[in-house]
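Structure first, then comments.
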Amino acid sequence: MKKLLLPTSIVGSLPKPAWLAPPEKLWSPWKLEGDQLVEGKQDALRISLQEQLLAGVDIICDGEQTRQHFVTTFIEHLSGVDFENRKIVKIRDRYDASVPIVVDQVIRQKSVFVDDAKFLRKQTNKPIKWALPGPMTMVDTLYDDHYKSREKLAWEFAKALNEEARELQDAGVDIIQFDEPAFNVFFDEVNDWGMAVLEKAIEGLKCQTAVHICYGYGIQANNDWKKTLGSEWRQYEEIFPKIQKSNIDIVSLECHNSRVPYDLMELVRGKKVMVGAIDVATNTIETPEEVAATLRKALEFVDPENLYPSTNCGMAPLSRKVARGKLSALSAGAAIIRNELAI
Ligand SMILES: [Zn+2]
């Protein structure tokens, strides 16, 4: 069988059902507890899978139904982090958040998502992609009172992430993605040690690996920040040359409705590129033609076999109805381009 061109996938998250956690907000608290919570999360995972299948999405994610937040949930499973006493820090130099404190050596005591991945693996034969937070973004989402060095702490996180990633791979995950929105802010650190640390996180993996770098969820603080970035967003230009030389297979980037110049994709030519063709910062559902137009432009800089249509970022803060519409638009838009390429 010929390999499917333009396989679609979401970046990671989908909205949760209201009976599991109040929708349309981040760090939304669970409404269930104990065994009911475990079962509720699995039911939500089943629904998330079903919605992706119905929309015709090709690479399946868990929709992040079992985690409260894309970074915090992973950190909760590490020892050495105090969640009781918290500090306010500025995340990505942008907005204040109450975060846990690193008080001792961070060690992954047990697996975090491996049971969830095994559960999802049993439900579908389609390829599955699993998102983990990137080490630099983790460092940026807590207060360090132990290592007193962002780089040292990042290396410790990379070790924990690598252990988790190897187990996810063994559980049958096809693509492991690291979410590194911090890469779009701390360029010098990315080039000094951030990319090396990420290479540590993917060390020894035989499955495909991805890095997702975006301009954040469609929340007010991010939308305000984007207004300060000028008419062209050239952040990727600072870090793509380093990524180009790395062992990462796939680069996931924000594109649709953003001011990222398309030609920056040329800097990662040869890598697979998950092109964001769905804007997660608006409730307006893209038409298939709009999605297709974004993909068509991306094809000037990405070879067809390397183009992976996707969303700009996670859809956790959206309503379920809007997210469903956007999933379908993504598939329909990719289908238009597949037909064009087949001619
Ligand atoms: Zn993102």
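All told, LEU253 meets the bar of being of a type in the set (A, V, I, L, M, F, W, C) and touching a Gly at 6+ places or on another chain (Cβ under 9 Å).
Take VAL173 and tell me if it is among the hydrophobic types (A, V, I, L, M, F, W, C), out of contact with any strand residue (DSSP E or B) (no Cβ under 9 Å at 6 or more places or on another chain) and touching a residue at least 12 places away in the same chain (Cβ under 8 Å). The answer is no for VAL173.
No lab work stands behind these numbers, since they all come straight from the coordinates. Note that the coordinates shown come from a computational prediction; the quantities given were computed from them, not determined experimentally. Reconstructed Cβ throughout: ideal geometry from the backbone, glycine too, with neighbour counts over all protein chains shown.
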